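> Structure below; questions to follow.
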Amino acid sequence: MFEMDKFQKNRDKLEERLNEHSVAVVFAGQAPYKRGDEQYPFSPDRNFYYVTGIERENCILLMTKTSSDVTTTLYIPRDNGILAKWVGANITTEEAREKSGIETIEFIDGFRKDFAEFIFKHNIKNVYLDLENRDWNALPSAAISFAKELREQYPGVHMQDLYPIFSDLRLIKEDWELERMGKAMEITQEGFLAMMENAREGMMEYEIEAYFDFVLTKRGVRQKAFQTIAAAGKRGTILHYVENNHLTKDGDLVLVDAGAQVDWYNGDITRTFPVNGKFTEKQKNVYNIVLSGQQKVIETIQPGVPFSRLNEVLKEHYFEELKKIGLAETMEDVAKYYYHGVSHYLGAETHDIGRYMDRDLQAGMVLTVEPGLYIDEWEIGIRIEDDVLVTESGCEVMTPNLIRTVDEIEAFMAKGRKA
């Protein structure tokens, strides 16, 4: 499949979901400024990328659907002239056409004029925009800002949300998406082995993280899926600890949650290992409870199973096991030591878009399976996370080659210490 054909297929899927007498507007986004003339690194809006393959900022896709025709236009910035010597040249019409497969390329300064003419001439009733907004206090996205303009200019037009449509479209992965994710997972696994091989008590957490970073850079990966968590000892009980700036000590477990990103698709893996290469008996016991819980969840995954059932399976397992070690008397006690969900979707975003709790699993979904136990009073935080593809008959672990048992980890780390 030619590169552009992938994105044409995605546009076809989007077109099918639009009502007649409608337009859809999808924005690439823009990197915000840090300070002065320095910007944060740009990362394209994943829905925009999904239907265009374009990785440049300040672009807009306009898709129109009438009773007789569907048209697609990509708007790009004009040639930036002398500024190209400072920041690089803007994408050209030819480049945009080649990458996206979209024939009609216009310049961004003509977008509002074209939009207004089309709305007027074609009796447009619906305008589709990606209106995702998870935080009341967040800065408005380009789509939400445009929606405010739209309400003022065209109060009679009905606004529709693209977010649930894209959530459904992106939920089932194409082969080319799985290929990119597989590459990201492969590199992530390599980075984890480097950390385990080189970890020593007395290192700073960021020194252990540096071995992961080196592998990614060596393999040509310029973006991480998310900010790495490298948490030793009690800090492993903090779910999103990212400072990674404390000293490890003999006897600490190190919980590392990390992922590489390849062509905007992600891996997401967690391993917990003893910094000195040997688990204590107490650590080993808790680790094996988490590992057996992960296996039970993986064995549950198949088409038709409610997504919410996965977390129920894990909590039932934890209740029985925590009772045995004196940490639980009722099911409610489990929440003291396990306080997140066991799974999320994975794809072009680490927590990929889509509904969770009211949906059954389908073949083609990619999920994480990441049980954890966080026992603050024992300074034990353990999470084990792998990435799983739902298949027609069950599931396939996409990260099968990364060691995960106590014996495998201890043997591997012992070998590294002899080298």
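The values are calculated or read from the model by the stated rules, or taken from the named source; none is laboratory data. Please read these numbers as outputs of a predicted model, since none were measured by experiment. Neighbour counts are summed over all protein chains in view; Cβ atoms, including those assigned to glycine, are modelled from backbone coordinates with ideal geometry.
> Run residue 135 past the list (1) of a type in the set (D, E, K, R); (2) in contact (Cβ under 8 Å) with a residue 12 or more places away in the chain; (3) assigned by TED's automatic domain parsing to the domain that holds residue 45 and report the number of the one that doesn't hold.
The number of the failed condition is (2).
> Quick one: is residue 46 surrounded by 14 or more Cβ atoms within 10 Å (Cβ to Cβ), charged (D, E, K, R) and out of contact with any Lys or Arg (no Cβ under 7 Å at 6 or more places or on another chain)?
Numbers: surrounded by 14 or more Cβ atoms within 10 Å (Cβ to Cβ): yes; charged (D, E, K, R): yes; out of contact with any Lys or Arg (no Cβ under 7 Å at 6 or more places or on another chain): yes.
Against the criterion (surrounded by 14 or more Cβ atoms within 10 Å (Cβ to Cβ), charged (D, E, K, R) and out of contact with any Lys or Arg (no Cβ under 7 Å at 6 or more places or on another chain)), residue 46 qualifies.
> Write out, first by first residue and then by second, each pair whose Cβ atoms fall under 7 Å of each other, whose residues are 6+ apart or on separate chains, and whose first residue, in segment 186-209, is in the same structural domain as residue 248 (by TED's automatic domain parsing) while the second is basic (Lys, Arg).
Listed pairs, sorted by first residue: 187/219; 192/271; 201/249.
> A further question follows. Within segment 379-387, can one find any residue that is under 16 Å from residue 284 (Cα atoms) and surrounded by fewer than 20 Cβ atoms within 10 Å (Cβ to Cβ)?
In the first step, residues of segment 379-387 are kept if they are under 16 Å from residue 284 (Cα atoms); the result is 379-384.
When the remaining residues are screened for being surrounded by fewer than 20 Cβ atoms within 10 Å (Cβ to Cβ), the result is 379.
Scanning segment 379-387, I find at least one residue that is under 16 Å from residue 284 (Cα atoms) and surrounded by fewer than 20 Cβ atoms within 10 Å (Cβ to Cβ), so the answer is yes.
> Filter segment 91-109 down to the residues that are free of Cβ contacts under 8 Å to residues at least 40 places away in the same chain and in contact with a strand residue (DSSP E or B) (Cβ under 7 Å, 6 or more places away or on another chain), then identify the one that is nearest to residue 30 (Cα to Cα). Can you show your working first?
Applying the first criterion (free of Cβ contacts under 8 Å to residues at least 40 places away in the same chain) to segment 91-109 yields 91-95, 97, 103-107, 109.
Still in the list and also in contact with a strand residue (DSSP E or B) (Cβ under 7 Å, 6 or more places away or on another chain): 91, 93, 97, 104-107.
Numbers: 91: 14, 93: 19, 97: 21, 104: 22, 105: 19, 106: 18, 107: 16 Å.
The extreme case among them is 91.
> Go through segment 8-45 residue by residue and tally those that are without any contact (Cβ under 8 Å) to a residue 12 or more places away in the chain, in contact with a strand residue (DSSP E or B) (Cβ under 7 Å, 6 or more places away or on another chain) and farther than 21 Å from residue 223 by Cβ.
0
> Residue 339 - would you say it is surrounded by fewer than 21 Cβ atoms within 10 Å (Cβ to Cβ), touching a residue at least 60 places away in the same chain (Cβ under 8 Å) and out of contact with any Asp or Glu (no Cβ under 9 Å at 6 or more places or on another chain)? First the steps, then the outcome.
Working: surrounded by fewer than 21 Cβ atoms within 10 Å (Cβ to Cβ): yes; touching a residue at least 60 places away in the same chain (Cβ under 8 Å): yes; out of contact with any Asp or Glu (no Cβ under 9 Å at 6 or more places or on another chain): yes.
The answer is yes for residue 339.
> Out of the residues in segment 199-213 that are buried (at least 18 other Cβ atoms within 10 Å of the Cβ) and of a type in the set (D, E, K, R), state the one that is nearest to residue 234 (Cα to Cα).
Here the answer is 205.
> If you don't mind, another one. Which condition number does residue 196 fail, the rest of (1) crowded, with 22+ Cβ neighbours inside 10 Å; (2) outside any helix (DSSP H, G or I); (3) in contact with a Lys or Arg (Cβ under 8 Å, 6 or more places away or on another chain) being met?
Just one mismatch for residue 196, condition (2).
> Looking at residue 138 and the list (1) surrounded by 14 or more Cβ atoms within 10 Å (Cβ to Cβ); (2) within 21 Å of residue 164 (Cβ to Cβ), which single condition is not satisfied?
Looking at each condition in turn, residue 138 falls short on (1).
Condition check ((1) in a loop (DSSP other than H, G, I, E, B); (2) at pLDDT 95 or above; (3) under 18 Å from the mean Cα position of the chain (by Cα)) across all residues:
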{"residue": "314", "(1), (2), (3)": "no, yes, no"}
{"residue": "323", "(1), (2), (3)": "no, yes, no"}
{"residue": "338", "(1), (2), (3)": "yes, yes, no"}
{"residue": "349", "(1), (2), (3)": "yes, yes, yes"}
{"residue": "386", "(1), (2), (3)": "no, yes, yes"}
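> With 304, 267 as the choices, which residue is surrounded by 15 or more Cβ atoms within 10 Å (Cβ to Cβ), farther than 25 Å from residue 336 by Cα and among the small types (Gly, Ala, Ser)?
Working: 304 fails: surrounded by 15 or more Cβ atoms within 10 Å (Cβ to Cβ).
The conditions single out 267.
> Assess whether residue 216 counts as being surrounded by 18 or more Cβ atoms within 10 Å (Cβ to Cβ), of a type outside the set (Val, Ile, Thr), in the same structural domain as residue 53 (by TED's automatic domain parsing) and under 20 Å from the mean Cα position of the chain (by Cα). Steps first, please.
Details: surrounded by 18 or more Cβ atoms within 10 Å (Cβ to Cβ): yes; of a type outside the set (Val, Ile, Thr): yes; in the same structural domain as residue 53 (by TED's automatic domain parsing): no; under 20 Å from the mean Cα position of the chain (by Cα): yes.
Spelling it out, it is not the case that residue 216 is surrounded by 18 or more Cβ atoms within 10 Å (Cβ to Cβ), of a type outside the set (Val, Ile, Thr), in the same structural domain as residue 53 (by TED's automatic domain parsing) and under 20 Å from the mean Cα position of the chain (by Cα).
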